[in-house]
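First comes the structure, then the notes that go with it.
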Amino acid sequence: MKERVLIANRGEIALRIMEACEALGIDYVAVYAPGDEQSLHVKLPKAKGKPCFRISSYRDANDILAVADEAKCTAIHPGYGFFSEDFRFARRVVKRNNPLIFIGPRWEVIRDLGHKLMAKQVANEIGVPVIPGTINPVYNEIEAEAKAEELFLWQEEQGFEPRILIKAAAGGGGMGIEEVDNLDMVRPVFRRIRAYAKRLFGDDGVLIEVFIRDFHHIELQVLGNQFGELVHFGTRNCTIQVHRQKRIEVAPGFDPAYTDYPFDAEKVLESIVNHSLKLAAHVGYDSVGTWEWLVTRDGKHYFMEVNTRIQVENEISARISRIKGKEPNLLMEQIRAAFGEKLGYKQKDISFEGTSIEFRLIAEDVKRGFKPLSGTITRFEYPEREWLRVRTHVPQDEPYRIPTEFDPNLALGIIWGKDTPQAMERGFDFLNSLVIEGETAQGEPLATNVPYLKEKLPQILKFL
């Protein structure tokens, strides 16, 4: 049977899935929701004669599956966000009367690892270091207060300023998290997070853990398949964030040749790799995924969570990786794994070269608390460089209205350099050459986060 993939997403990730399908010789179908009519993920398939169906919402499972049936699709790729980490949707896709292939991990794996507390429980059971805090979900505010008091006392004994995080156990992407630094705040914040979690995620379980203040956010890019083959494509550093949303990502995660660390960086990264692969093997991980860690200034490292999907920053891992000398495409590898292909290589065949940086270009007002902006882009230009890739759904040949229905993400700028200094130099070249002009609905000049990216670029990979 000839495969046909329904791309159940939008924007740049939809475009990258199309590109991967075309490289593999696989047919695909696109969808779009109201507000996205001007997006390139709608225009390009239509220009190529590919079906592009209008749906009511990217969160309407019935509509998406109806399109899959009408278009005679054999698989669904959820991209990131929306249904990508919804195990109920993944289960429905593979167990319905007309089953489809879900391009992602098995639904059981998404259920177990996609839930912060369940992932923490499994990690704790097999000796993977986790952040001190609850192992089981908390539903009772008296229990929450007692656990918070215990963690406050532990931090004081360690000489730390007492502070905890109260988090939606089923949350993700920085949503459903609040900081608490005194016991009186615990109950009202717990009630607020629990209600938020129930409303947004359908699961009101709450996680309480120590807030680690001085840390780097390190990720490991993992790939597995149904044959038990398991490899990784190196680490990333995602420390530069705004409201727990990433703005600059760098691969590899640390670079001792560029800056000094108060610990053995290579040893810490090796430990993160080994522990992550141990957990991935334990659950039989069978797709792409990201293992997230926190590393403190003294080199202690704690497993945080697993993203059971392709991530926005997957391409910087690909840019520094070589499979038998060739750069991989992780979306292609994800699709190959879903369709039951073997890897054709082992970890020893993967080498690493250089440094890659990803900038997230967003329409936001940096001076007003990074307020998301809408409006119309009238000019969008960037240089052509052999070391640069720009992933965007924004057309360059006509005005583009930024939809108010979605986050105002405009593009990803992906840089590669032979080392970190060269990658940084090229990063500044890109940011200084970039032109994004437009106006808001009120007729004011449209602001972006480019000035913030320039300010933060010198800080990458460093403990400040």
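The values are calculated or read from the model by the stated rules, or taken from the named source; none is laboratory data. As the structure is a prediction and not an experimental result, all values here were calculated from the model. Ideal geometry is used to build each Cβ from the backbone, glycine not excepted, and the neighbour counts take in all protein chains shown. To get the accessible areas, we keep the full protein, side chains included, count just its heavy atoms, and leave off ligands, DNA and RNA. Shrake-Rupley method; radii C 1.70, N 1.55, O 1.52, S 1.80 Å.
So for segment 223-326, Kirkwood radius off the Cα pairs, Stokes-Einstein at 25 °C and 0.890 mPa s: how many µm² s⁻¹? Each step should come with its number before you reach the end.
Details: Rh = 14.7 Å.
Diffusion coefficient, whole number: 167 µm²/s.
What part of the accessible area of segment 1-61, given as a whole %, is carbon or sulfur when the probe is 1.4 angstrom?
On the way: 1230 of 2440 Å².
The C+S portion of the solvent-accessible surface of segment 1-61 is 50 percent.
Considering only protein heavy atoms, with the full assembly of protein chains and a 1.4 angstrom probe, order Cys52, Cys238 by accessible area, largest first.
The ordering from most to least exposed comes out as Cys52, Cys238.
In segment 288-446, how does Rg compare with the Kirkwood Rh, expressed as the Rg/Rh ratio over alpha carbon atoms?
Reported Rg/Rh, Kirkwood definition of Rh: 1.02.
Efficiency by 1/(1 + (r/R0)^6): what FRET value for Phe160 and Leu183, r their Cβ-Cβ distance, R0 = 22 Å, to the nearest 0.05?
Numbers: r = 16 Å, r/R0 = 0.72.
Computed FRET efficiency for Phe160 and Leu183 comes out at 0.90.
Could you pull the accessible area for Asp429 with a 1.4 Å probe, rounded to 10 Å²?
50 Å²
Extending each Cα 7 Å along its Cβ direction at Arg297 and Gln226, get the distance between those two points in nm, one decimal.
5.0 nm
List the aspartates and glutamates whose alpha-carbon lies under 16 Å from that of Lys367, not counting same-chain residues fewer than 8 positions away?
Partners found: Glu444, Glu455.
Can you figure out the FRET efficiency of Lys326 with Arg59, using R₀ = 41 Å and their beta-carbon distance, to the nearest 0.05?
Values: r = 37 Å, r/R0 = 0.91.
E between Lys326 and Arg59, to the nearest 0.05, is 0.65.
Just to verify a number: FRET efficiency for Gln442 and Asp397, C-beta to C-beta distance, R0 = 25 Å, to 0.05?
Values: r = 26 Å, r/R0 = 1.03.
Here the calculated transfer efficiency is 0.45.
Multiply the residue gap between Tyr258 and Ala47 by 0.36 nm, knock off their C-alpha separation, and tell me the result in nm, one decimal place. Before the final figure, lay out each step's value.
Working: separation 211, 0.36 × 211 = 75.96 nm, distance 4.54 nm.
Net length gain for the segment: 71.4 nm.
For the chain, take the alpha-carbon Rg, divide it by the Kirkwood Rh, and send me Rg/Rh. Write down the numbers at each step before the final one.
Details: Rg = 21.9 Å, Rh = 23.1 Å.
In the chain, Rg relative to Rh is 0.95.
Quick one: accessible area per residue over segment 286-389, 1.4 Å probe, rounded to a whole number of Å²? Don't skip to the answer; put the middle values down first.
Values: 4090 Å² over 104 residues.
Accessible surface, normalised per residue, equals 39 Å².
For Lys418, list the lysines whose Cα falls under 17 Å from its own Cα; do not include residues on the same chain fewer than 8 positions away.
Leaving aside lysines fewer than 8 places away in the same chain, those within reach of Lys418 are Lys326.
Within the accessible area of segment 219-282, what % is carbon and sulfur when the probe is 1.4 Å and the other protein chains stay in place?
48 percent
If the limit is 20 Å between Cα atoms, which of Lys72/Lys342; Lys267/Lys346; Lys267/Lys456; Lys278/Lys300; Lys246/Lys456 go over it? Before the final figure, lay out the partial values.
Working: Lys72/Lys342 26 Å; Lys267/Lys346 22 Å; Lys267/Lys456 27 Å; Lys278/Lys300 18 Å; Lys246/Lys456 12 Å.
Over 20 Å apart, Cα to Cα: Lys72/Lys342; Lys267/Lys346; Lys267/Lys456.
Quick one: if you stick a label point 7 Å off each Cα along the C-beta vector at Asn136 and Met175, how many nm between them?
Placing both labels 7 Å beyond Cα along the Cβ direction yields 2.8 nm.
Would you mind checking which residues have amide H under 5 Å from Tyr28's amide H? H placed 1.01 Å from N; only 5 or more apart, or other chain.
Val5
Tell me whether segment 139-264 comes out rounded, prolate or oblate; compute the Cα gyration tensor, take square roots of the eigenvalues as a ≥ b ≥ c, and use a/c under 1.5 as the rounded threshold. Please list the in-between numbers first.
Details: a/c = 2.25, a/b = 1.44, b/c = 1.57.
Because a/c hits 1.5 or more and a/b fails to exceed b/c, segment 139-264 counts as oblate.
In segment 403-463, if the dipole is taken from +1 on Lys/Arg beta carbons and -1 on Asp/Glu beta carbons about the Cα centre, which of Thr420, Phe430, Pro451 is farthest to the positive end?
Selected residue: Thr420.
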